[in-house]
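Worksheet: the structure to be examined is printed underneath.
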Amino acid sequence: MRIRDLRNASRVVLALDLTEPRRYWSIMDELRGLVKIVKVSWVTLLTIGPEGLSKLINYNKDVYFLMDAKLADVGFINNIIAGKLKELGINGVIVHGFVGKVNMPNVEGLDLLVLVSMTSGGELYDANFEGMISMVKEINAAGVIVGGNKPSLIRRARSYLGNDYVILSPGIGAQGVKPGCAIFHGADFEIVGRAIYESENPRDSFIKIEEESKKAECSQ
Ligand code: XMP
């Protein structure tokens, strides 16, 4: 499964940073058939462990799993970690862009998503945006992560990268960016966590946010 092929299936990446193991299973059951892409993180790995993560992936075979590892080590270590994530069934991994192209992992069949700008802080990233984004074209990357609250950077990323790369934007919902806004400015996917899993009815919230994301309108 490659993330660029999922653009028509869904515009929402569900971020699961849950600290209670059972909730991973209950939320996935609740959103079955709706959620197509799940972003897991160190919180996930530290909560359910590698075996739990592997089971969760196996139990949700039709879902794309992206590991927000925010890798930032030297290349050979990044490669080992990325390889082990692939063995667990992970489909894509997030890497910090600042480590540079020589340190990017390259694992057959594993999407590489490069963090090039953050929703909060990350000013060194934004000061070097052109350099970051040009590096993405020189490596075997599937796309980039750009904060959803930085519309001008989303636009610049899109205009530089064209449509062959995906742009994922966090900051939607709990952090104040309205669903649809990042996509309006050029993102492909909106990363949404708490606005779904902390809501009273995660299924209804998911449906509503997916609809708004697909509309890609922005009145903000
Ligand atoms: P919420 O609950 O705020 O979760 O929807 C956001 C998810 O996105 C991840 N992430 C980031 N969050 N700025 C953010 O605010 C970033 O630059 C960023 N990159 C990734 C975050 O870890 C959480 O899983």
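The values are calculated or read from the model by the stated rules, or taken from the named source; none is laboratory data. The model shown is predicted, which means the values in this text are computed figures rather than measured ones. Here the Cβ is made from the backbone with ideal geometry for all residues, glycine too, and neighbour counts use every protein chain on show. The accessibility values were calculated without ligands, DNA or RNA, using every heavy atom of the protein model including side chains. Shrake-Rupley method; radii C 1.70, N 1.55, O 1.52, S 1.80 Å.
Below are the figures for this structure:
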{"quantity": "Matching residues in region 175-201 - criterion: being within 13 Å of the ligand (Cβ to nearest atom), surrounded by 16 or more Cβ atoms within 10 Å (Cβ to Cβ) and not in a strand (DSSP E or B)", "calculated": "Q175, K178, P179, A182, A187, G193, A195, I196, Y197, S199"}
{"quantity": "Subset of region 155-183 (residues that are touching a helix residue (DSSP H, G or I) at 6+ places or on another chain (Cβ under 8 Å) and of a type outside the set (A, V, I, L, M))", "calculated": "R156, Y160, D164, Y165, S169, G171, G173, K178, P179, G180, C181"}
{"quantity": "Total residues in region 33-57, condition more than 19 Å from the chain's Cα centre (by Cα) and basic (K, R)", "calculated": "1"}
{"quantity": "Lone qualifier among I154, I145 - being buried (at least 23 other Cβ atoms within 10 Å of the Cβ), without any contact (Cβ under 8 Å) to a residue 40 or more places away in the chain and of a type outside the set (G, A, S)", "calculated": "I154"}
{"quantity": "Test set (1) open to solvent by 10 Å² or more (accessible area, probe 1.4 Å); (2) of a type outside the set (F, W, Y); (3) within 13 Å of the ligand (Cβ to nearest atom) - G171 fails condition number", "calculated": "(1)"}
{"quantity": "Candidate set: region 202-220, residues that are open to solvent by less than 60 Å² (accessible area, probe 1.4 Å) and part of a loop (DSSP other than H, G, I, E, B); chosen: the one nearest to S152 (Cα to Cα)", "calculated": "C218"}
{"quantity": "Hey, G33 without any contact (Cβ under 8 Å) to a residue 12 or more places away in the chain and closer than 11 Å to V63 by Cα or not", "calculated": "yes"}
{"quantity": "Output for region 85-115, where each listed residue is over 13 Å from M67 (Cβ atoms) and either among the polar types (S, T, N, Q) or touching a residue at least 24 places away in the same chain (Cβ under 8 Å) (or both)", "calculated": "H96, G97, F98, V99, G100, K101, V102, N103, M104, N106, V114"}
